[in-house]
Each structure stands twice: as structure tokens, then as C-alpha cells.
Amino acid sequence: MRIARTTRLLPVLVLLPATVAAQEPGDAAIEIADPARAENLFRAHCGRCHGVQGLGGEGPELARLVLPRVADQGQLERVIRSGISGTGMPGASTSVLDDDAVSLVAAYVRWMGAQTTADGAEVTGDASRGHDLFWEAGDCASCHIVDGRGTAVGPELTRIGLRRGADYLREALSAPAAKLPVARSGARSGFFEYLPVRIVTHGGDIYNGMRMNEDAFTIQLMTVSGAFVSLRKGEIAEMERRTGHSFMPVAENLGEDDVEDLVAYLTTLGRGS
């Protein structure tokens, strides 16, 4: 049984007037000198990952009152310019966004946050029930770690609410292989953050799991049973790097409400809620 997607009415993002002034809690009015250009820049350079309305997707939601990594305009501009190491957030070179463009994008992100609520309008599930589903059913925690609990067969989810939006998480539950994390920012080409492998040794042992580390002589993996295995490459008869494969089962046995509750819980992780 496939999980039905819930249709939602999202707020329409309109072009702003010539000068925008929106009040942010504890901060001065946010002004955008060229709102039309700011919106176009955001949509062109940020919308693919964060959604054209800033509601999240492959990247986290930005249309929120508080951004965990930044406290003011200057910090946000530095993140846009330099990126965030260890995540999929790249820095923008001056040939792509000059200083004026970076300032416009940062102001536009802050303006979006001042127009919405911290909860995010696209999340409709019950986060408390989602917490219980995640931990009490056992299937999620048997493969994922949150705050040091669980098993690291799949990606760690401690801060997933800062990295991924609700739509991304919803699709990851219904079609896991379609939403796998790819190369870390700054990592060598071809090195995937999440890479399942199947290994057969010369002695006939078979291991299925996620690669944790690899060098020219050895490979370490976490098996699907939760065991950590380190092998010398001289022991290996066959090794299949299963790019595009996921060990996570499709949530076909979950109802639509279950999926929405899990998404609601996951979006809280890393946000201090």
C-alpha cells in the first residue's frame, strides 16, 4: 500500500513593495531596498534546496522566526558567503553573489522569518505521538541515532530538523532511496556520506551494511544487525558499493497519520523543542 500525500494550501509568496519593513521579535525593522531582486535571487540560488517559499526541502526550513546558526544579519551573510562545513550548504563565490546580493538574500530570509511562525505551517502531525512511534516501535531506533541513543546503520538524525524540511522527510519515508544524502561539502569526489555496501570475503563471509570509513587498505562498516566490522581489503573477494540503495524499509505499513506524526517529530530534532 502506498502512502497518500496530503494536499496542503501553502501561503502565497508575493513580490514585496518597494521597501519592506517587517518587525522581528527583539530586533529593528527589516528593510529590503530592492525586494523584487531579493526575491529573485533567493528563488534562483536558494529555492532549489530550501523551497521557493523557504519552507524547506532538501535543505532546512528558513521561513522561521529563529535560525539556529545565526543571530543577526552579519552572521547570516557569513553563512551565505562561506557555507556550513560538513553539510550540503555551499558557500557562494563573489562571481555568483556579490556583497550587495548576499546582503539582499540575507535580509529576504530574515523578512520571511518575520512573516511566519517558528512552528512551520507545513507540519500538521502530532510530534509527541511521532516520538512514541519512533522509539517504542523500535524500527527507527534500530537503524538511526538521536542524541546518542539508537544504532548507526542509517544516518544520524540528532539534528535532522535543522537539515531537512518536512516535505523532504515525508518523501524519505515513502521512497527512501530517492532522498539519500550525497557527498559531504568539501569531501573528495565520489565519497558518499551514506553508502551501503555488500562484501563477500575469501572465507565466504557475507556482510551487508553502511560504510563508516575506508582507506586504501581497510574498510569499516556497520552491519544491518548493528555490528561494527573492520576488514582488510586483502580479505575481500567481492565488494559492491550500492550507490542509490537504502536499507530503510518503505513505510508502507504506516498510515498517513503515522507518517505525519513521525515527520512532525523529526522536524523538532535539533531545534531545541
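Would a scan of region 71-85 turn up a residue that is open to solvent by less than 60 Å² (accessible area, probe 1.4 Å), modelled with pLDDT under 90 and of a type in the set (S, T, Y)?
Within region 71-85, not a single residue is open to solvent by less than 60 Å² (accessible area, probe 1.4 Å), modelled with pLDDT under 90 and of a type in the set (S, T, Y).
For region 30-37, indicate whether the set of residues that are free of Cβ contacts under 8 Å to residues at least 12 places away in the same chain and either of a type in the set (S, T, N, Q) or closer than 16 Å to L97 by Cβ (or both) is non-empty.
No, region 30-37 has no match at all.
Has region 46-59 got at least one residue that is small (G, A, S), in contact with a Phe, Trp or Tyr (Cβ under 6 Å, 6 or more places away or on another chain) and surrounded by 15 or more Cβ atoms within 10 Å (Cβ to Cβ)?
Scanning region 46-59, I find at least one residue that is small (G, A, S), in contact with a Phe, Trp or Tyr (Cβ under 6 Å, 6 or more places away or on another chain) and surrounded by 15 or more Cβ atoms within 10 Å (Cβ to Cβ), so the answer is yes.
Under the condition of being over 18 Å from the mean Cα position of the chain (by Cα), closer than 23 Å to S128 by Cβ and assigned to a loop (DSSP other than H, G, I, E, B), which residue from region 244-270 is modelled with the lowest pLDDT?
Filtering first and then ranking leaves A251.
Only one of (1) on the phi < 0 side of the Ramachandran plot; (2) modelled with pLDDT under 90; (3) open to solvent by 70 Å² or more (accessible area, probe 1.4 Å) is not met by R64, so which one is it?
(3)
To keep it simple, each residue is scored yes or no on (1) part of a helix (DSSP H, G or I); (2) of a type in the set (K, R); (3) farther than 20 Å from L262 by Cα.
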residue	(1), (2), (3)
E58	no, no, no
L62	no, no, yes
T87	no, no, yes
L97	no, no, yes
Y108	yes, no, yes
W111	yes, no, yes
R129	yes, yes, no
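So which of L104, L157 is closer than 30 Å to I80 by Cβ, assigned to a loop (DSSP other than H, G, I, E, B) and modelled with pLDDT of 80 or more?
Exactly one residue qualifies, and that residue is L157.
Within region 29-56, can you find the residues that are at pLDDT below 90, in a loop (DSSP other than H, G, I, E, B) and either farther than 23 Å from I160 by Cα or aliphatic (A, V, I, L, M) (or both)?
Result: A29, A33, V52, L55.
The values are calculated or read from the model by the stated rules, or taken from the named source; none is laboratory data. The structure displayed is predicted, hence computed values, not measured ones. Cβ: placed from backbone, ideal geometry, glycine included. Neighbour counts: every protein chain shown. Ligands, DNA and RNA are excluded from the accessible area calculation, which covers all protein heavy atoms including side chains. Shrake-Rupley method; radii C 1.70, N 1.55, O 1.52, S 1.80 Å.
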